[in-house]
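Inspection log for the structure reproduced underneath, given as C-alpha cells.
Nothing in this text is a laboratory measurement; each read-out follows from the coordinates by a stated rule. Since we're looking at a predicted model, the values are computed, not measured. Every residue, glycine among them, receives a Cβ derived from its backbone with ideal geometry; neighbour counts consider all protein chains shown.
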C-alpha cells in the first residue's frame, strides 16, 4: 500500500522519496505548443507520486519529504548540506528501505557526485540504494518522461538486493548508472544526464556494468565529511582563445581557495594564465586541471607548461569542483592528510572501457 503520510509509531520498512523540484516538478504554460517553456519546481513530490499511484506495486510503502522545490540551476551548497545530512540520517534509520530523490537535470551531476562521496560507502555497507531521477520535460507536457523515470527509480530502489549491491545510483530513460558518473551532455535528449555514462538497461542488468560497479565500490575510499559551516570557495575557469589573466588575478586577490581549470584538449591552459597560476600555487591555492571537452581522461602532468596541478581524471569540471571542495574541507579537519590525499580518495578509481 502506498502511503505518503506516515504514522511515526508504525514500524515497517518504507522507501523515502525526497523532492527537490526541477523539471520533473515543472509546469508549462502552454504544454502542447511550447513544452520547453516552463517553470521548474511547481509541483510537490507527493503530487508526483499520486500521478503514478496506480502503477506503483501495491506492497510498496512510500513516505515523501519535500526538502526544496527549485530550478536546479539554483542549487546551493546549503541545500547540498541539508540533503546530505538527511540522506545519511535516513540510511541509518532501520525502517528506511531505500531513498529516491527527484532532482532537476541541470546540476544533478554535482548532487550525484556529492552523495556518492559522502554516503556511498554507508549505502553499500547497509545494502541500501539511493536513487536520483528527474525529467527533461515538465509534468504537464504530452510526452512527459518524469512519471516513467519516477516509476523506474522506485522499482530499482526496491528490487531484490541480489540483483545489485547498495550504493548511490541514477535512473533515466530506462537505464541505470552510478550517480558519480552523471554528466549532462545534451540540452534536450531524454537520456541527457547519462548519455556518456557507463550504464545498464533496468530490465536486464548488463554483467560488464555490474562488474564495473563492484570494482568501483571496492576501490572507493571512506565517505567524506559534509562541510558543517561554509563550504570552501572553489571556482571553475575555462581556458579559451584570447583568455586574459585579470579574472584569475581578481579571484586570487579576493581569497579563492581552489580553482578548477577547464582547459582545452588534455587540459591545456592559455599561456596568458601561466604566471598567475604559478603565483596561485605559491599562495597555496588548490589547483586542479580538467578539460572543457566534456569527455575523456585528464592525466597528471600531461601538459608541458610548468604547472604542477592535480588532474581531474575522468571527472567533468562541475564534479571536480565538488570533489575539491570536499577534499579541502576534509583536510581542514584532519591535518594528517593533505587535500591532495582526500581528492585522490574519491577520484582515483579503476578505469573501465
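Considering segment 324-343, and only residues there that are under 15 Å from residue 220 (Cβ atoms) and touching a strand residue (DSSP E or B) at 6+ places or on another chain (Cβ under 8 Å), the residue that is surrounded by the fewest Cβ atoms within 10 Å (Cβ to Cβ) turns out to be 343. Of the residues contained in segment 159-175, none is found to be in contact (Cβ under 8 Å) with a residue 12 or more places away in the chain, in contact with a helix residue (DSSP H, G or I) (Cβ under 9 Å, 6 or more places away or on another chain), in a helix (DSSP H, G or I) and buried (at least 21 other Cβ atoms within 10 Å of the Cβ).
Need a quick list: helices (runs of 4 or more DSSP H) entirely within segment 207-319 having at least 1 residues that are in contact (Cβ under 8 Å) with a residue 60 or more places away in the chain.
Numbers: elements: 207-219, 246-254, 274-283.
Per the criteria, 207-219.
Here's a check for you: in segment 51-78, which residue that is surrounded by 15 or more Cβ atoms within 10 Å (Cβ to Cβ) and out of contact with any helix residue (DSSP H, G or I) (no Cβ under 9 Å at 6 or more places or on another chain) is farthest from residue 158 (Cα to Cα)? Taking the candidates together, the pick is 63.
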